[in-house]
Amino acid sequence: MDDLLVIIPTRGRPQAIPEIMRAWDDTGATADVLFCVDKDDPELAAYKAQAKRFADDGRVRFVYWARKRLCGTLNQAAVKNAGDYRFLAFLGDDHRPRPAAMAWDARIRECLSGGPGIVYGNDLLQGEAMATAVAMTSDIVTTLGLMVPECLVHLCADLVWVEWGRGMGRITYLDDMVIEHLHPAAQKAQMDAGYEEVNSEAMVSADSAAYIDYRDNGGLEADLVKLRALVAAG
């Protein structure tokens, strides 16, 4: 078992699994990876075929849960695994780590080895503005009891992670650690049912409103009080 677990909620894209693991191999990554698949996924059989394909790869695990959407799935996986890993990370199934002089997962461990904190790299789309892929010390998850505010469904988690890191004074952005976001907004993927659902007007409106309420009406500050105490205790 590695000390870093990368959690990847995925739906409708079983073809992404070998591409992601190829990126692991191309970058020399040793981090464990947990693919979280919905039990009602129309591509469930294809996901199970991929799980069989990677059954002998000690880095890879699959779990099949009732659908909780991205943020709910990420919270469930993070809380379940926080006690077994020093570091936890999130990548979307459309993120791909890219080769560099030092492996991206090694950079994460190096940056987080000094205590509670958050680190993220360059996704070649949002850059420093949003942590669309992120890693953190697992004590952040155990302290808050979650990895994403429960008010969010899919969007704005990347903004919250930046707020947490800045608010606790423990955030690192690595411009040269590329974890590319292959998103339709960057013309790097075709629009599919998953993208259409999460980028719908209704979803954007709901998650944006939830994020603003969390940020401005006490939720963020309550979490930062806990995180600052964690830093002080460390």
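Throughout, read-outs are computed from the coordinates displayed, never taken from laboratory work. Please read these numbers as outputs of a predicted model, since none were measured by experiment. Cβ: placed from backbone, ideal geometry, glycine included. Neighbour counts: every protein chain shown.
Of all DSSP beta bridges confined to segment 4-233, the antiparallel ones make up roughly 30%. Here segment 112-187 and segment 1-67 have alpha carbon centers that stand 20 Å from each other. In the chain, a dipole from Cβ-located charges (positive for Lys and Arg, negative for Asp and Glu) runs towards its positive end, and of L230, V153, A16 it is L230 whose Cα lies farthest in that direction.
How high is the FRET efficiency from S205 to V225, r the C-beta distance, R0 25 Å, rounded to 0.05? Rounded to the nearest 0.05, the efficiency is 0.30.
Distance distribution note for the chain: the fraction of Cα pairs above 32 angstrom is 13%.
Just to be sure I understand: with springs between alpha-carbon atoms less than 10 Å apart, which residue in L152, L70, L124 has the highest mean-square fluctuation in the Gaussian network model of the chain? Answer for the Gaussian network model of the chain: L124. Working from label points 7 Å from Cα in the Cα-to-Cβ sense, the R67 to D84 distance is 2.7 nm.
For segment 1-120, the share of alpha carbon pairs falling in successive 5 Å distance bins from zero is 2, 11, 22, 24, 21, 12, 5, 2, 0 percent. Around the amide H of R11, modelled in the peptide plane, lies no amide H under 5 Å away from a residue 5 or more places distant or on another chain. Using R0 = 41 Å, the C-beta based FRET efficiency linking Q187 and R166 works out to 0.85. Scaling the Cα radius of gyration of segment 67-138 by the globular reference 2.2 N^0.38 Å produces a ratio of 1.14. Select from L34, L74, L125 the residue whose mean-square fluctuation is largest in a Gaussian network model of the chain (Cα-Cα springs shorter than 10 Å). Greatest mean-square fluctuation among the candidates belongs to L125.
The spread of Cα positions in segment 9-70, taken along each principal axis and listed from longest to shortest, comes to 33, 21, 17 Å. When the chain is treated as a Gaussian network with alpha carbon springs shorter than 10 Å, the biggest mean-square fluctuation among V160, V63, V119 belongs to V63.
Every Cα-Cα pair of segment 63-190 was included, and the share exceeding 20 Å stands at 42 percent. Between amide H atoms placed 1.01 Å from N, distances below 5 Å from V6 occur with D32, V33, L34, A89, all of them 5 or more places distant or on a separate chain. Taking amide H as placed 1.01 Å from N in the peptide plane, the amide H of A133 sits under 5 Å from that of G121, each at least 5 places away or on another chain.
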